[in-house]
Amino acid sequence: TESRHGYGIMQNVAQLSNGRINLAAGTLYGAINTLLEKGWIEALPEIKDSRKKEYVITATGTEVLKAEINRLEELLINGKNILGE
């Protein structure tokens, strides 16, 4: 998994959502702080003379993400079953 700095995360989210989601800096950094507190991401050592902080997902964060993907897949299957698909 590659590391990203805050602005890179904002750009990636916009790209992945085809422009539907545009994170404000305050929202993003609040979420980053929460993810850091939960141990789902970690900050990489800062690069000298750079103001950018880079973050990477942890093993715990990967497990949480996998569990969330499974939960969402189950919801999708249930929704399709309700529609008779």
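Hey, can you tell me all the residues within region 1-34 that are of a type in the set (S, T, N, Q) and either closer than 19 Å to residue 65 by Cα or touching a Leu at 6+ places or on another chain (Cβ under 8 Å) (or both)? Show your work before the answer.
At the first step, the residues of region 1-34 found to be of a type in the set (S, T, N, Q) are 1, 3, 11-12, 15, 17-18, 22, 27, 33-34.
Of everything in region 1-34, those that are of a type in the set (S, T, N, Q) and either closer than 19 Å to residue 65 by Cα or touching a Leu at 6+ places or on another chain (Cβ under 8 Å) (or both) turn out to be 1, 3, 12, 17, 33, 34.
Which is at pLDDT 95 or above and touching a strand residue (DSSP E or B) at 6+ places or on another chain (Cβ under 6 Å), of 58, 34?
58
Results for (1) charged (D, E, K, R); (2) assigned to a helix (DSSP H, G or I); (3) under 12 Å from the mean Cα position of the chain (by Cα), shown as yes or no for each residue.
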| position | (1), (2), (3) |
| --- | --- |
| 8 | no, yes, yes |
| 13 | no, yes, yes |
| 27 | no, yes, no |
| 52 | yes, no, no |
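What are the pairs, 6+ residues apart or on separate chains, where a residue within region 21-45 that is over 15 Å from residue 11 (Cβ atoms) has its Cβ under 7 Å from a residue that is in a loop (DSSP other than H, G, I, E, B) and open to solvent by 60 Å² or more (accessible area, probe 1.4 Å)?
Pairs found: 43/53.
Across region 15-25, what is the number of residues that are small (Gly, Ala, Ser), part of a loop (DSSP other than H, G, I, E, B) and either loosely packed, with under 11 Cβ neighbours inside 10 Å or modelled with pLDDT under 90 (or both)?
Here the count works out to 2.
Inside region 29-60, can you point out the residues that are on the phi < 0 side of the Ramachandran plot and either among the hydroxyl-bearing types (Ser, Thr, Tyr) or touching a helix residue (DSSP H, G or I) at 6+ places or on another chain (Cβ under 6 Å) (or both)?
Keep residues of region 29-60 that are on the phi < 0 side of the Ramachandran plot, which gives 29-38, 40-48, 50-60.
Once the filter is applied, which keeps residues that are on the phi < 0 side of the Ramachandran plot and either among the hydroxyl-bearing types (Ser, Thr, Tyr) or touching a helix residue (DSSP H, G or I) at 6+ places or on another chain (Cβ under 6 Å) (or both), region 29-60 yields 29, 34, 40, 41, 50, 55, 58, 60.
For region 37-85, which positions are closer than 14 Å to residue 3 by Cα, open to solvent by less than 90 Å² (accessible area, probe 1.4 Å) and touching a Phe, Trp or Tyr at 6+ places or on another chain (Cβ under 9 Å)?
Across region 37-85, the qualifying residues are 41, 43, 44, 57, 58, 61, 62.
The values are calculated or read from the model by the stated rules, or taken from the named source; none is laboratory data. All values derive from a computational prediction rather than experimental measurement. Backbone-built Cβ (ideal geometry, glycine too); neighbour counts: all protein chains shown. These area figures cover heavy atoms from the full protein model, side chains too; ligands, DNA and RNA do not enter into them. Shrake-Rupley method; radii C 1.70, N 1.55, O 1.52, S 1.80 Å.
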